[in-house]
Amino acid sequence: MNISKAQLMSLYTTMVKIRLFEERVQDLYSRGLVPGLAHLYIGQEGVAAGVCANLLPGDYITSTHRGHGHVIAKGADLRYMMAELFGKATGYCKGKGGSMHIADIEMGILGANGIAGGGIPIAVGAALSSKMRRSGQVTVCFFGDGASNNGVFHEGLNLASVHKLPVVFVCENNFYGISVSQRQHQAIEDVSIRAIAYGMPGATVDGNDVLEVFEASAKAIQRARAGEGPTLLECKTYRWRGHHEGDPNQGRRYRTMEEIKAWMEKCPIRRLEEKILKGRVASKKTLEEVWDEVNREIDAAVQFATESPFPPPDAIYENVYA
Amino acid sequence: MRELTYAEAIREALSQNMERDERVFLMGEDIGKYGGIFQVTAGLLDKFGPERVIDTPISEAGFVGAAVGAAMTGMRPVVEVMFIDFTTVCMDMIVNQMAKIHYMFGGRGKVPMVLRTNIGAGRGAAAQHSQSFHAFFVHIPGLLVVAPSNPYDAKGLLNTAIADDNPVIFVEHKKLYATKGWVPEDYYTIPFGKAEIRRTGTDITVVATHEMVNRALRAAEECAKQGIEIEVIDPRTLRPLDQETILESVKKTGRLIVADEGPVTCGIHAEIAALAAEKAIGYLQAPILRVGSPDTPVPFSPPLEKIYIPDEEDIIAAVETMRSYL
C-alpha cells in the first residue's frame, strides 16, 4: 500500500486522540460532570480515522449520534468539543447542541445528528450543492447498521446514484442498533450488498484495520471526486461501551462479555501500533509520547471547558432564526 | 394593470429569482416536463435546464433533506411538496433538521430554503390530498410560515422567502391558483410579519387566511346589507404574526372571529384567539369565535366535502351568533 510514514503516524495519532477523548468523557460522565447523553466511539476509531485521512479541508462530513470520532478525525478543536459537552457558552454550539449536534460548517462538519439516518439526505444535498457549484468537494456520510434500515437510507442512496453525486456512504456496522443485533434487524450479513440495488459499487472492509479502511475509502473518495458517483463502504467494527453511558454494564443486557472481549482483542489502535513497531516506523517511546501529548491536549480541553461560563439566560432566545 | 393568476405569480417569482441568483434551484416531484401538479413550474425546465429544475424520485424525505444539505452549503433551494399531506413523510427533515440546525449548532450554519406546498379541500381528492394542517408548522420554532391569499402577495412574499436566510414553509392554496389579480412585472418584496387590512369595519374583526380572506370579504358584503361592518385582516404570514395590527383592530371592534381552513382544534384560530384573550381581554365585548374545518378527516363525497369546507355561510353564521353582543 502506498502510505507514508507521516500518514501512518497521523492515523495513529487521530485514533489515540479519539480513544483518549472518549475515555475522558466516560470518566467525566461517571462523575456527573458531563450532562445529557454520551454515545462513545471507543473501539470504532479505525473507521473515522481511516476515512477522514483521505479528505481535504474543504470536504464535508455528516455524522451521527455517535459522532465524536468523526468530528475529531475531521479536525475539530478538542477544547470547543469538550466545552460543548459541558454545555458551556464557548462550545461549538454555544452549549445549545451538546454531544449529538457538534458542527463546524467552516471545517466541513455539517453536524452530528440525533436522528438515526438523519444525516443521509443532508449529505446527499451537500454533494448536490458541490456538484452544482463545481467545487470538487466530496461529502462523506457516516451512519450505522441500524440506520441502514431507515427509509432515508433508500431515498438518499437512490437520489445520489441517479445524479452521480460526489458522496461516499460509510456504514459503520457495529452489529447493534442500540440493543437489537444485526441478525435480528436485517436478513443480510453485509450491508454493502445493498449497493447493487442502487447501481453503485459496494465494499465491506475490516473497520478495525485502519489501513484497510484508509485504502478502501481513498478509492471511493477519488471516485467521487472524479465525478464517477457514490460508493457504499461498509466498515465492520464494534463499540466497546454500551449504546450510551447510561446503558448498564456496557450493554450486557443484550450481548456477552465474551463477545465484547473478543472484539477488544481486535483493537484498531493496538493493531496499527504492532505494524508501526514491526515496520520500524516509530519507536515505542515515540508512540508513548503521542499518548502523553494527546493527554495534555485533553487536559487543556477539560480545563478550558471547566473554566468556561455557562450560556447566559438570554441565550435561550438567540439563534432560533438567522 | 397586468393581471396574473396566483400560479403564474408564483412562477414569475421563481423565474425572476433564478435569473437573479444562480444559487436558486428547484426540486420536486413532476415539476419539470409535467410542470408541477398545479402547473406552477410550467416552462421553467425549458428556461433553466434540468440542472436547476430537478425532477426528483418520489422521495420526499430524500429531496427535502437534500435541500437542507444544499442550503447549508451555499445554495438556495426551493422545493415543492406536491400536497401538504405529503409533508408527513418528510417530517423529520422539516422538524428535526431544517427547523433546528441553526439553533442546535449555536448559530453556525444557515438553512436558506423554501418549501412550497399547498392546502385546501374542494377537489374531491379525499383525506390524503386535501388537508390544511399548516398550523402544525407554526408550532415549530425555527420555521417561518407564509400564507398568501392573492397573486400580488404570492409573488412578493415568495421573493422575500427566497431572500430570507431561514427555512420558510410557503403554504399555497389550491382554490387560489386560478384566481387573478394585479401583479407588477418588476421584482418586489413584501415584508414578513406585516398584515394587510382587506376591508375596514367597526363592528367585528375577522382575521382570515388564504381563501378564507375572499370568503370573509363576501360575507362582509352580505353583513353590510344588515348594517354590520366587518373588518377583514389578512395576516399574510403566520410566523411571524403581525400581532399589532390584529390587536389594534380587536381593540377597535371589540369582537373577533378567526377564519382559517384548518381544523379548528389547535388551529391557527386558537393561537390568534389566545393572543386577543391575553392582550386585549379588556376590549372584548363578545366571545371569540372560530370558523374552520370540522374535526374530521376530509370526506370524499361531494355533498360531505361541501359541508366540510368552511365558507362565507359559516362566517355569516358566526356573525349571527355574535349579533346579540352587538
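All of the numbers you see were taken from the coordinates with simple rules; none came from a lab. The structure displayed is predicted, hence computed values, not measured ones. Because the Cβ atoms are built from the backbone with ideal geometry, glycine has one as well, and the counts that use them run over all protein chains shown.
Miscellaneous remarks
- Straight-line reach from A:LYS278: taking Cα to Cα under 16 Å and skipping same-chain neighbours fewer than 8 places apart, the aspartates and glutamates in range are A:ASP209, A:GLU288.
- 20 Å reach of a label modelled at B:GLU221, 7 Å along Cα-to-Cβ, counting backbone N of the stretch B:170-203: B:175-182, B:197-203
- Ranking A:ILE221, A:ASN208, A:HIS243 by Cα position along the charge dipole of the stretch A:201-243, where only Lys, Arg, Asp and Glu carry charges on their C-beta atoms, puts A:HIS243 farthest toward the positive end.
- Given charges at beta-carbon only (K, R positive; D, E negative), |dipole| of chain A in Debye: 460
- Among A:GLU23, A:GLU45, A:GLU172, the residue with the largest mean-square fluctuation in a Gaussian network model of chain A, with springs joining Cα atoms closer than 10 Å, is A:GLU23.
- On Cα atoms only, tilt of B:211-225 relative to the major axis of chain B in degrees: 20
- Put a dot 7 Å past the Cα of A:THR286, heading toward its Cβ, do the same for A:MET257, and the two dots end up 3.9 nm apart.
- Pairs of Lys in chain B closer than 19 Å at Cα, counting only those 8 or more apart or on different chains: 14
- Percent of beta bridges antiparallel (DSSP, the stretch A:5-306, rounded to nearest 5): 10
- Extension gain, B:GLU313 to B:LYS194, is 40.1 nm, computed as 0.36 nm per intervening residue step minus the present C-alpha separation.
- Dipole magnitude of the stretch B:196-325, debye to nearest 20 (Cβ charges: Lys/Arg +1, Asp/Glu -1, about Cα centre): 260
- Ranked by how many other Cβ atoms sit within 10 Å of their own Cβ, fewest first, the residues B:ASP186, B:ASP203 fall in the order B:ASP186, B:ASP203.
- By the combined test of axial Cα extent (at least 27 Å) and Kyte-Doolittle hydropathy (mean at least -0.5), the qualifying DSSP H helices of chain A come to A:5-30.
- Rounded to the nearest 20, the Cβ-based charge dipole of the stretch B:35-100 about its Cα centre (Lys and Arg +1, Asp and Glu -1) stands at 260 debye.
- Nearest-ten-degree value, helix B:312-322 long axis tilted from longest Cα axis of chain B: 40
- Remark: relative contact order (the stretch B:196-325) = 27 percent; criterion is Cα-Cα distance under 8 angstrom and separation of 6 or more residues.
- If a spin label sat at a point 7 angstrom from the Cα of A:MET264 along the line to its beta carbon, the backbone N atoms of the stretch A:204-239 nearer than 18 Å would be those of A:208, A:237-239.
- Here's the picture: charge each Lys and Arg Cβ at +1 and each Asp and Glu Cβ at -1 in the stretch B:196-325, and of B:PRO294, B:THR205, B:LEU304 the one pushed furthest to the positive end of that dipole is B:THR205.
- Couplings 3J(HN,Hα) of the stretch B:287-295, computed from phi: x, 6, 10, 10, 10, x, 7, x, 7 Hz, in residue order, whole Hz [Karplus 6.51 cos²θ - 1.76 cosθ + 1.60, θ = phi - 60°; x for Gly and Pro].
- Relative contact order (%) - chain B, alpha-carbon pairs under 8 angstrom, separation at least six: 16
- Taking label points 7 Å from Cα along the Cα-to-Cβ direction, A:LYS5 and B:ASP186 give a separation of 7.0 nm.
- Think of the protein assembly as shown as a dipole: +1 on every Lys or Arg Cβ, -1 on every Asp or Glu Cβ, centred on the Cα centre; then among B:LEU217, B:VAL264, B:ILE101, B:ILE101 lies furthest on the positive end.
- Radius 13 Å from Cβ of A:LYS96, net charge of other residues (Lys, Arg +1; Asp, Glu -1): +1
- Helical contribution to [θ] at 222 nm, DSSP H n ≥ 4, -39,500 (n - 2.57), averaged over the protein assembly as shown, rounded to 500: -11500 deg cm²/dmol
- Mean Cα-pair separation over length for chain A, i.e. relative contact order, pairs under 8 Å, 6 or more apart, %: 22
- A:SER30/A:ASP314 FRET efficiency (R0 25 Å; Cβ-Cβ; nearest 0.05): 0.15
- Straight-distance crosslink candidates among aspartates and glutamates, where the alpha carbon sits under 15 Å from A:LYS219 and sequence neighbours closer than 8 are dropped: A:GLU228, A:GLU234
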